[in-house]
Amino acid sequence: MIKSYSNSRGVALFITLAAVAIVVILANVVLNIMLSQNRLTHHQVSRIRAYYAGQAGMVYTLEMLKSGTWVASPSNTKYACHRSCIDAVAPSYAIPTDADIPYNIQVAIYPLGSGISSTTRIDVKTDYIYSE
């Protein structure tokens, strides 16, 4: 009888260790999924913020052109930059620095007649750096 009692204690220990191992593995899998989702969400939020920063730069440029504060050149491309230009070009105009916009914004204002139906073409670039 003592022999069977000690065998059942060994089996119980084995079952307990196996259950703990399974719980640890499942917790590790769930934690990895949560961390991966967190990184993905942070990256997506950074991309969306950079997109809307570019939209803000474009709207600001259009307002400056409409009001006559900035003038599109008839022969060469002009650049407006927030913080600093992305392509290492010399800015013709400065977009005021805003602490809420942590990204560089570069707006290229092409010569008159370069856009659709002889309008002014505007290209906007923003940059963002994703870091974990």
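The values are calculated or read from the model by the stated rules, or taken from the named source; none is laboratory data. Small disclaimer: the values here were computed from a predicted structure and weren't measured. So basically every Cβ, Gly included, is an ideal-geometry build from the backbone, and we count neighbours across all protein chains shown.
The table for this structure:
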| quantity | calculated |
| --- | --- |
| Hey, Y103 in contact with an Asp or Glu (Cβ under 9 Å, 6 or more places away or on another chain) and closer than 17 Å to S75 by Cα or not | no |
| All positions within the stretch 13-54 that are touching a residue at least 24 places away in the same chain (Cβ under 8 Å) and within 30 Å of S92 (Cβ to Cβ) | S46, R47, R49, A50, Y51, A53, G54 |
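Yes or no, residue by residue, for (1) in contact with a helix residue (DSSP H, G or I) (Cβ under 6 Å, 6 or more places away or on another chain); (2) in a helix (DSSP H, G or I); (3) at pLDDT 90 or above; (4) closer than 30 Å to D127 by Cα:
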| position | (1), (2), (3), (4) |
| --- | --- |
| S4 | no, yes, no, no |
| G10 | no, yes, no, no |
| I15 | no, yes, yes, no |
| V20 | no, yes, yes, no |
| V29 | no, yes, yes, no |
| I33 | no, yes, yes, yes |
| Q37 | no, yes, yes, yes |
| T41 | no, yes, yes, yes |
